[in-house]
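First up is the structure itself, then whatever we jot down about it.
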Amino acid sequence: LGHAFFIGLGAYTAAIVNGEPGTDVVGLGLGMHVWLPAAGIVAALAGLLVSPIAFRLKGLYLAVVTLGLVFIGEHLFREAEFLTGGLGVGRPAALPELFGFAFDRPSTVVGVSINRSQGLYFMGFVALAVMALLARNLARSAVGRAFAAVRDRDIAAEVMGVSLRRYKALAFTISSFYAGIAGALLYTLTGFIEPGSFNILLSVQFIAMVLIGGVATISGSIAGAAFVILLPRFVQELPRF
């Protein structure tokens, strides 16, 4: 339930690293090759800090603790106006420009003209493909098998020599990294970040994606996200046909 917090960390880290220096909010003026990995790393570090608490809890108790992260994040994002712009004001999101190529502006690639929406779509598609491939390879590795053992029966996994502390910490860190990357990319679509966006409803939406698509599968998570996001748009467009 704490993913909204890590999404927000990623979005604001990217905005701070990429933001224009000398404005009302902090900005470093660095490019996408810096702000994108930085967003994931900062969120991962936050996840690592939370992991000792997560190691001692599970089930409903873990859900309540991670839910608390959302409310802590909401307070921090609202009060740290020099970083976030403050409630009702916000700040510009990071610009999706990589080595001089702007994904959010019309351009020509190998003789083919693409508009802003197409550029952002291909940026997101490439990021999705890379991150999904990494996750799939991780799931097939020894670390992934340890994750599955802890998930299915943690006591049996510990008896077989799987370190619960190590792998729960690793799971929190990796999932937080993914959330940070997602947050950084998500708000390049709107071009603006508002502190009130990172609430419990956002976390519930992510949980719905996972549950609808299928727990513990990479393809299921992608399918669930497509369903949750595209269904409202489909319902809106249906009367036109």
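Which number comes out as Rg/Rh for the range 175-241 once both Rg and the Kirkwood Rh are worked out on C-alpha atoms?
For the range 175-241, the value is 1.02.
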So, relative contact order of the chain in percent, Cα under 8 Å, 6 or more apart, is 32
For Asp24 the rounded accessible area (nearest 10 Å², probe 1.4 Å, non-protein molecules ignored) is 150
Rh (Kirkwood, all Cα-Cα pairs) for the range 1-141, Å, reads 17.2
Full extension between Arg140 and Ala80 adds, at 0.36 nm per residue less the Cα distance, a length in nm of 17.5 nm
Taking Cα atoms, the helix 116-140 axis meets the longest principal axis of the chain at an angle in degrees (rounded to 10) of 20
Rounded to the nearest 10, the angle in degrees between the Cα long axis of helix 3-18 and the longest principal axis of the Cα atoms of the chain comes to 40
Using alpha carbon centers only, the range 87-155 is separated from the range 1-62 by a whole-angstrom value of 15
Descending accessible area (1.4 Å probe), largest on the left, turns Lys58, Lys168 into Lys58, Lys168
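Based solely on its DSSP helices, what 222 nm [θ] is calculated for the chain when runs of n ≥ 4 H residues each add -39,500 (n - 2.57) and the sum is averaged over all residues, nearest 500 deg cm²/dmol? Numbers along the way, then the final one.
Numbers: 10 runs with 164 residues, N = 241.
After summing the helix terms and dividing by residue count, I get -22500 deg cm²/dmol.
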With a 1.4 angstrom probe the carbon and sulfur portion of accessible area for the chain, in percent, totals 70
Around Gly85 (Cβ within 14 Å, Cβ-to-Cβ, excluding Gly85; K/R +1, D/E -1) the net charge comes to -3
A chain fully extended from Leu49 to Ala63 at 0.36 nm per residue, minus the present Cα-Cα distance, gains in nm 3.4 nm
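The values are calculated or read from the model by the stated rules, or taken from the named source; none is laboratory data. Computed from a prediction, not measured in an experiment: that's the story for all the values here. Virtual Cβ from ideal backbone geometry, glycine too; neighbours counted across all protein chains shown. Note: accessible area is taken over every heavy atom of the protein model, side chains too, but ligands, DNA and RNA are not part of it. Shrake-Rupley method; radii C 1.70, N 1.55, O 1.52, S 1.80 Å.
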